[in-house]
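Below is one structure, written out as structure tokens, with a few remarks after it.
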Amino acid sequence: MNPVLVALDLDTATDAQAMADRLRGHVGGFKIGSHLFTAEGPSLARSLALRGDRVFLDLKFHDIPNTVAAAVRSAARLGVWMVNVHASGGRAMMRAACAAADQAAAETGSRSLVIAVTVLTSFDQAALEDISIRRPLIEQVETLALLAQDCGLDGVVASPLETRHLRERCGPEFVIVTPGIRSGTPGGGDDQVRTMTAADAMAAGASYLVVGRPILKAVDPQAAARDLAAGLTT
């Protein structure tokens, strides 16, 4: 499967649907985050899933276990392929999320993947210490990833800089989704600081790449998506 998941970080469902129609067949799926979901609600996720698209619902649930379980069940009933929670929500919350996905699968016949966010790509070591986490960033990512794996989750979201280490620690079947894919070094107002090129991230062991700006802001998004995917197979 094409590992590129395009982040539909657009203002309206109309714009997002048009972009999905333009890119379908050139990418592996689409990510819907809090920006678009808050503006338009669940209908777009359901619509894309009904079209047969793989939809990654990126809402990063983080709440008490019962609330997160209910949210995961609702997401799964939309037909989304993958949904995420924050690993820092803890063991009980992640186990509840996993159980909810299993319960929804019994109803729908298809199980949504549940993955956990480790440390956001906007964080560096100083930002981690601002919230009183003193261990090295790579250790924090590893700790949360191993906890998620122990809770039965399918994988994690982590920056490409930690991917090789996580692949070695968590094994070949563990899903690693990497945002922070850029064509060069961060800058110019980019809030993601732990970044890497798509080819390097895949070489490090990523399962899927979340790509937004390099495709959405291209003069020809379809060509940009096609070229990016082609560069992963050479």
>> Looking only at residues that are of a type in the set (A, V, I, L, M) and over 19 Å from Ile181 (Cα atoms) in the stretch 21-42, which one is surrounded by the most Cβ atoms within 10 Å (Cβ to Cβ)?
In response: Leu36
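For (1) modelled with pLDDT under 90; (2) assigned to a loop (DSSP other than H, G, I, E, B); (3) hydrophobic (A, V, I, L, M, F, W, C); (4) surrounded by 16 or more Cβ atoms within 10 Å (Cβ to Cβ), each residue gets a yes or a no:
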| residue | (1), (2), (3), (4) |
| --- | --- |
| Val156 | no, no, yes, yes |
| Arg164 | no, no, no, yes |
| Arg169 | no, no, no, no |
| Asp191 | yes, yes, no, no |
| Arg194 | yes, yes, no, yes |
| Val210 | no, no, yes, yes |
| Ala230 | yes, no, yes, no |
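Could you identify the single residue in Arg73, Arg111, Arg95 that is under 24 Å from Phe30 (Cβ atoms), out of contact with any strand residue (DSSP E or B) (no Cβ under 9 Å at 6 or more places or on another chain) and assigned to a helix (DSSP H, G or I)?
Answer to the check: Arg73.
The values are calculated or read from the model by the stated rules, or taken from the named source; none is laboratory data. Keep in mind it's a predicted model, so treat the numbers as computed, not measured. Heads up, the Cβs are rebuilt from the backbone with ideal geometry, glycines too, and the neighbour counts pull from every protein chain shown.
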